[in-house]
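The values are calculated or read from the model by the stated rules, or taken from the named source; none is laboratory data. The structure displayed is predicted, hence computed values, not measured ones. Methodologically, a virtual Cβ is constructed for each residue, glycine included, from the backbone with ideal geometry; neighbour enumeration extends over all protein chains shown. Please note that ligands, DNA and RNA were not included when accessible areas were found on the heavy atoms of the full protein model with its side chains. Shrake-Rupley method; radii C 1.70, N 1.55, O 1.52, S 1.80 Å.
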Amino acid sequence: MPSLSARALRRRPDLAAGRAWRATMPRSSLTPTGHGTAVLLVLIAFLLLYILVATADALSGAVFLPLIAISGVAHRPGDHALVVLVSLGCLVASSLLVGQDLSHAVSTVVAGVLIATVTMWRSLARARVGVQGRAGEHVLDQLRVGLERRAELPELRPGWSVEGCISSAFDHPFSGDFVVSHLDDDAARFETVLVDVSGRGVRAASRAVQLSGALDALIGAVPPEELLSVANDFVVRQNWDEGFATAIHLAVDLDTGELRVWRAGHPPAAVFHGGSGSWSVLEKSIGPALGLVPAPVYRCDEAVIGHRDAVILYSDGLVEQHDRVLDEGIDRLLGKAEFLVTAGFSGGAERLCAQATSGNADDRSVVVLWAD
């Protein structure tokens, strides 16, 4: 149903008042997980109190503790506080009326207070970001799915293939590495950007989600030579605390095989030349990492790939070790990539990720593009 216009609201002040009232009401009050379930848990608490008093040996006072835990997961702080007060009150009342052992009663009450404290802290944390119950987990899952969707590489025209792999540190659901790509309407130009956001875990994930969304909107919409500059402006405006990102941007003309590579503080691309059977590294041009300085200049390296040639983009998780210089890590990566020459590049991205120098201790990402 279309939303009402401002003119319609002015003609119907009752509708405007109704909309304003609904805006002030917490969304949970309109859903089964709001006040309704809080009232249900309160009624259950009184029912359990009645059962405890009527049949002293049938139940323990600990039966009130799951009510507190369930409420902490499902409710906003106000509803949760109601359930906590009633549950603890019923717990204390049952201990006095039934005449339970004093030490057992005290330990149960202390456990209830500790559970209430922890669950209230979590409820307040969720309220600050406007989610409750499983909504927070659902939001995180949707963000993760969005990152994975944007990382899907398109199917190129016959004669060209591209594969990618992203592996997060310690198998965390989120990775600070991500990939976005674009294939133009006539399938003649392919672009991809591999980005490594500083940090790990949730902190890196939040930055990766923001930046991947921005790059997904920019790639293909701005000229390739301007993409990293515009992305840098975006990161600078975010004012991340000690936050930056390295990136490598590849643009390939699939008609001619001409490729251009721009780098923002990122390890260089590696190109395999099928005719000579040798590897080269495109490392002449590099600019600062995204977010470090305003208005940087990014220049490109150029090459041409044809039949049996390939290009590999990768993050520092594949080549960096604290006891080795970067060049040694790149040489080691190219040594492993030699196996792809004989075995075929298909599936090579996953194999390179699995054999990364950093092991499982860092995010790893690879994009492999080759001409069949």
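Give me the Kirkwood hydrodynamic radius of the range 146-265 in Å, from all C-alpha pairs, to one decimal place?
Kirkwood radius, the range 146-265: 14.8 Å.
One quarter of the convex hull surface, Cα atoms only: what value does that give for the range 72-123 in nm²?
Mean projected area for the range 72-123: 3.3 nm², to one decimal.
So what J values fall out for the range 72-78 if you push phi through Karplus, 6.51 cos²θ - 1.76 cosθ + 1.60 with θ = phi - 60°, rounded to Hz, Gly and Pro as x?
Per-residue couplings from phi come out as x, 7, 9, 10, 6, x, x Hz.
Please work out how much length the chain gains when fully extended from Val53 to Val297, using 0.36 nm per residue of separation minus the C-alpha to C-alpha distance, in nm with one decimal.
The span from Val53 to Val297 would gain 80.1 nm if fully extended.
Rounded to the nearest angstrom and ordered from largest down, what semi-axes does the equivalent ellipsoid of the range 173-233 get from its C-alpha gyration tensor (root of 5λ)?
Whole-Å semi-axes of the equivalent ellipsoid: 24, 12, 8.
With viscosity set to 1.567 mPa s and temperature to 4 °C, compute the Stokes-Einstein D of the range 190-331, Rh being the Kirkwood radius across alpha carbon pairs; µm²/s, no decimals.
The estimated diffusion coefficient comes to 82 µm²/s.
What net charge do the residues around Ala188 carry, taking every other residue with its C-beta under 10 Å from that of Ala188, with Lys and Arg at +1 and Asp and Glu at -1?
Charge balance near Ala188 sits at -3.
Long-range amide H contacts for Arg189: which residues qualify at under 5 Å (H placed 1.01 Å from N, peptide plane, sequence gap of 5 or more or a different chain)?
Counting only residues 5 or more places away or on other chains, the set is Asp184, Leu254.
Give the accessible surface of the range 176-247 per residue, rounded to a whole number of Å², with probe radius 1.4 Å and ligands, DNA and RNA excluded.
It amounts to 40 Å² per residue over the range 176-247.
Leaving ligands, DNA and RNA out of it, report the carbon-plus-sulfur percent of the accessible area of the range 220-350 at a 1.4 Å probe.
That share works out to 49 percent.
Working out 0.36 nm times the residue gap between Leu124 and Ser280, then minus their Cα-Cα distance, what length gain in nm do you get to one decimal?
Residue separation times 0.36 nm, minus the Cα-Cα distance, leaves 50.7 nm.
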